[in-house]
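One structure below.
Here, each number is a calculation from the coordinates, and none is a lab measurement. Given the structure is predicted, the values throughout are model-derived calculations rather than measurements. Positions of Cβ are generated from backbone atoms using ideal geometry, with glycine treated the same way; all protein chains shown enter the neighbour counts.
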């Protein structure tokens, strides 16, 4: 059975929120708007949540489905 390769995710603080990166690729941006966290990937809004951790989880899920 082939071994799964670990994927390293980097979270970078920006003026408008955070960028979620895998290697050199920005996989999502998360911003806070009106008390909610908005995750955007490839120009599309993928999630609006009350918790940052939930927005991050949705961003990672969206990236894994697109790979």
For the pair residue 19 and residue 6, the simple spin-label estimate (label points 7 Å beyond Cα toward Cβ) gives in nm 2.4
Between 0 and 90°, nearest 10: helix 52-66 axis offset from the chain longest Cα axis
40
How big, in percent, is the set of alpha carbon pairs in the chain lying more than 16 Å apart?
43
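Per residue of the chain, what 222 nm ellipticity follows from adding -39500 (n - 2.57) for every DSSP H run with n ≥ 4, rounded to the nearest 500? Mind dumping the intermediate values first?
Working: 1 runs with 15 residues, N = 67.
Helix-only estimate at 222 nm: -7500 deg cm²/dmol.
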